[in-house]
Structures are given as C-alpha cells and as structure tokens.
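Visitor: Quick one: the structure is below, and I'll ask about it shortly.
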Amino acid sequence: MSLKSERRGIHVDQSELLCKKGCGYYGNPAWQGFCSKCWREEYHKARQKQIQEDWELAERLQREEEEAFASSHSTQGAQSLTFSKFEEKKTNEKTRKVTTVKKFFSASSRTGAKKVLAGKLREIQEAKAPSPSINRQASIETDRVSKEFIEFLKTYHKPGQDIYKQCKMFLEAMHHKRELSIEEQSECAQDFYQNVAEKLQTRWKVSPERVEKAMDQIEKYIMTRLYKYVFCPETTDDEKKDLVVQRRIRALHWVTPQMLCVPVNEEIPEVSDMVVKAITDIIEMDSKRVPRDKLACITKCSKHIFNAIKITKNEPASADDFLPTLIYIVLKGNPPRLQSNIQYITRFCNPSRLMTGEDGYYFTNLCCAVAFIEKLDAQSLNLSQEDFDRYMSGQTSPKKQESENWSPDVCLGVKQMYKNLDLLSQLNERQERIVSEAKKLERDLIDWTDGITKEVQDIVEKYPLEIKPKNQALAAIDSENVENDKLPPPLQPQVYAG
C-alpha cells in the first residue's frame, strides 16, 4: 500500500492494492498484503490433520444421529431397561430432531412446514441437551434467521437437507473448539466454506449463482450463532486496538477537508445529506452480526461518498478522490470498535467476497484508510511539525474561514463567532509566546547565577583567604627613642592681639 501526499491530498496506487503474489485479486493488509486465497494456501498444509479430525468428528455425530433414528423405529414397543433416564431423553431428543429435519424436505409434508417449524423451535427451547451451542435459548434474531434459512433450503430439496446437516455438525464442532485461538477457529470456518461450496458444485451440480446465494445464507446462519463467541474475544487484543484507534481519531478531530484535499462541498444540501448518510452507514456496521451485512454497510457508505463527490464535481469520482474522502468520513464518524469489525470480517467472511467484487474493493480501501490514520503525521497533511504538535495537543486549532470568503447569506452571528474564535486563537498564541519567553528568561537567569557562583568558588579556591592573628597594640611613636631629651620642645600655639 502506498499513501502519499500529493496536491495536498492522498493518492493511492491501485496496483499496490492487489495481492503481493500477483494472482490478480485484492490484497488485504490484515493478511500481510496477500489475498485470502494465497494466504490460506500458506497455512493449508499445516491444517490438513486438524481438518481430517474435524470431519471424523462430524461423521461420528452423523452416525450417532442415524443410529438414533433407526433405534426410534425398532424400539417403539419396548424401551430397554439398561438405559438411564438421561440416555433415554437424549436419544428421544435426537430422534425428534432427525425426524423433523426429514419432514422439512419431504414432498408429503411441505404444506405443513410452518407448523413443523414452530414445533421444532418449541422443542429446542424446552430441551436440555448437553450442547449449549446448538440447543441454547435462541434470541429473537436467531429464531428469525433460522426460519429464513430453513425456508431458503426448501428450494434446494436434497442438497438443502445435506447443507442443514453439515451446518449443524459444524456448529457442534465449533462448540468443542472454543479453547482454540481465534486464528484457528477462523481457519476452520474458512475450510468449512470451501468444502461446502465444492460439494455443492461437484456432488450436487448446483449452478455458481445458486452456490453463491447458498453460501451467503450459510454464513448468515452460522455466524449469527457464533457471533457472541468469536467477535472481539477476550483472548485477543482487539479491544485494546479499538481504544487506540478511537483515541487517535479523537486527537485528529481538527483535521479539515482541505488538509486531506477532499473534493466534497458540504455547503451543498445534497452533498451534506450524503455525508451524513455515509457516516451513519459506517457507524451502523457495528450493529450487524453477519460479516456480509457489515460489508454491505461499508459498500453503502462508499456509494454515498461517490455520489457526494459526483454532485460536487459534476463528474464521476476517481479512486484518488474516493480514498481521501473515506478517510475524512472515518475521522468525522469515529465508528465504534472499528478494528474489531475489520478483524471479524477478515476472519469469518466468505473469502470469495473479499477477493473479488465491489465489497472486497471497498473493504480494502477501508483497511487502507485506517492504516493511514494510524500513521498520519505532519508531512501527510503538508504541515510543519510545530503546527502539527500544537493541533494534536489542543493548544490551538487551524485558522477558520476568512471573512472575505463568507457567502452573503451566512448568519452574522456565525461570522462573529468565527471572528471571536480567531481572536481567541491569536491571544492564545501570544500568551504561549510570552510564557515561552518568560521560561527562557528564567532559565537564563538560573544559568547566569550558577555561572557567577562557580566563578566565585574558583577564585576562592585559587586565592584562599588567610586570617592572621591580631597584632599587639603599638606603643608611642617615640617611646623607644633614647635621645628624646635632645629634641626641641614642641611648638606651642601663639595668640596675637590686634
């Protein structure tokens, strides 16, 4: 990925969005620049043994269900006394489930499918089976998804029954793998997607269009149940990354569209509505439980961005226009749990959607936008490091729109407000300069005092002060003169009259 500042904006080299291996698909930063297919090939060999064990477990569970189904017909008259009450209840519960599933796809009971479905849901809610991942109390959304999934599989007849069994066994296997790392659980989900798709194409000869629809429904069915266990799990640092990105975006609240060279004029009402819708869609992504639905939110957000650019420029938008605008939307919206949603889509989305199509393209651009925000610096915005540091610390903010650029119909109160903000900004800058100069003067005074003190100490050390003892009192100047008697008498003052 190459993000540059050109024309006071951001430019992305489209060739660098492709897989590093040169397969022609879109690469993903979360997969070290590889596409899903190439990334999985590197890991596939090490997972063969684990995959084999998974399918052995699935086959064993299927045999147990078939034996339970056969046992229910052969022992209707008498129950074996060697089974405990728990085993009897478990066998009966499996019998009801298998019988119900077969009735869903039988030609004789299609007219009463809704009644059978309602009975099955009641049985699941009342049952106390040992596997909470399958038979736990279903939420309203889970019930709705289950109904839609079963109704959808009716159109596939025999393949639909096989798909339902495979999904059921996969969910059971995932329940026993919750102790594994999230990467290993992701690999299991990706292998399941690939195996089911290949089985539909090779064994059941389903058309590619119907295979794609079936995979979308399968993803929706299983991920609705696994969402609470695999989204932002405690074993990962996804939550920590979410907080880091959220704080980073909050610190960049001062970034303006002009700094990113965003070709969107929000003063146009239609453009402003598109921007609001794009922000709403990117925020709504966190409320979805299925990776495909999260991708749909990203796609809708991106289309609103393209429409906003088209209205502003009166011409179709380019990739160089789209990425800076997407960055601006992310900064303005600050979507919740952004990193967790990206990781969740990367780990558990159907890989065919991420490798091709507009969903994969828009998702790759979102990953690029987040990576750019994490590494955004002064050079990226064509700012000096000093201004960038001031904006980041909140000491000041970019200058607002000049008064001569206001349109005539702008409210006078708004103009006055921005004028006051400019004055406050200037006063703040002056105060900062005064404080800075005062601190510099204080440092200079301290340095000068330290210098004088050191010089005095050097002089004292070089010329130490010696204190001599007090001398005796001196006698009269002529006390030792032996010839005092030969001296003339002292002069006496004479007073003259007159």
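The values are calculated or read from the model by the stated rules, or taken from the named source; none is laboratory data. In this text the structure is predicted, and so the values were computed from the model without any measurement. Virtual Cβ from ideal backbone geometry, glycine too; neighbours counted across all protein chains shown. Just so you know, the surface numbers come from the protein's heavy atoms only, side chains and all, with ligands and any DNA or RNA stripped out. Shrake-Rupley method; radii C 1.70, N 1.55, O 1.52, S 1.80 Å.
Visitor: So how do 340-351, 437-448, 226-237 stack up, highest first, on mean other-Cβ count within 10 Å?
Guide: Descending mean neighbour count gives 340-351, 226-237, 437-448.
Visitor: Still on this model: By per-residue mean of other Cβ atoms within 10 Å, what is the highest-first order of 186-195, 309-318?
Guide: 186-195, 309-318
Visitor: Cβ neighbours within 10 Å, averaged per peptide: list 453-463, 368-378 in order, most packed at the top.
Guide: Those peptides, ordered most packed to least, come out 368-378, 453-463.
Visitor: Turning to a different aspect of this structure: How much length is gained if the chain between Asn314 and Glu437 is pulled fully straight, taking 0.36 nm per residue apart and subtracting their Cα-Cα distance, in nm to one decimal?
Guide: 39.1 nm is the gain from fully extending Asn314 to Glu437.
Visitor: Along Cα→Cβ, 7 Å out, is where each label goes; now give me the distance between the ones at Thr235 and Lys177 in nm to one decimal.
Guide: 1.1
Visitor: Apply the Karplus curve 6.51 cos²θ - 1.76 cosθ + 1.60, θ = phi - 60°, to the phi angles in the range 438-449 and return the couplings in whole Hz, x for Gly and Pro.
Guide: In residue order, the calculated couplings are 4, 5, 5, 4, 4, 5, 5, 5, 5, 5, 5, 4 Hz.
Visitor: Using only the Cα atoms of the range 187-318, build the gyration tensor, take square roots of its eigenvalues as a ≥ b ≥ c, and label the shape rounded, prolate or oblate: rounded if a/c is under 1.5, else prolate if a/b is larger than b/c, else oblate.
Guide: Judged from the Cα gyration tensor, the range 187-318 comes out oblate (a/c at least 1.5, b/c at or above a/b).
Visitor: Moving on. Using protein chains only and a probe of 1.4 angstrom, how many square angstrom of Phe170 are accessible, to the nearest 10?
Guide: Probe radius 1.4 Å; accessible area of Phe170 about 20 Å².
Visitor: Using r as the Cβ-Cβ distance of Thr356 and Cys411, and R0 as 60 Å, what FRET efficiency do you calculate, to the nearest 0.05?
Guide: 0.75
Visitor: May I ask you to give the percent of accessible area on the range 144-268 that is carbon plus sulfur, with a probe radius of 1.4 Å?
Guide: Exposed carbon and sulfur together represent 51 percent of the surface.
Visitor: Looking only at the range 338-352, which residues have a backbone nitrogen under 20 Å from a spot 7 Å from the Cα of Lys199 in the C-beta direction?
Guide: Residues 348-352 fall inside that zone.
Visitor: Here's something else I'd like to know. Enumerate the amide H contacts of Leu18 below 5 Å, restricted to partners 5 or more residues apart or on another chain; note that Pro and chain-start residues carry no placed amide H.
Guide: HN-HN under 5 Å from Leu18: Gly27.
Visitor: What are the ³J(HN,Hα) couplings of the range 360-371, residue after residue, when phi is run through the Karplus curve with 6.51, -1.76, 1.60 and θ = phi - 60°? Round to Hz, x for glycine and proline.
Guide: x, 5, 5, 5, 4, 5, 5, 4, 5, 5, 5, 4
Visitor: So, in nm, how far is label Leu445 from label Cys23 when the simple model puts each one 7 Å beyond its Cα toward the Cβ?
Guide: 7.1
Visitor: Then there's this: Quick check for you: which residues of the range 186-230 have the amide N under 19 Å from the point 7 Å beyond the Cα of Ser139 toward its beta carbon?
Guide: 217-230
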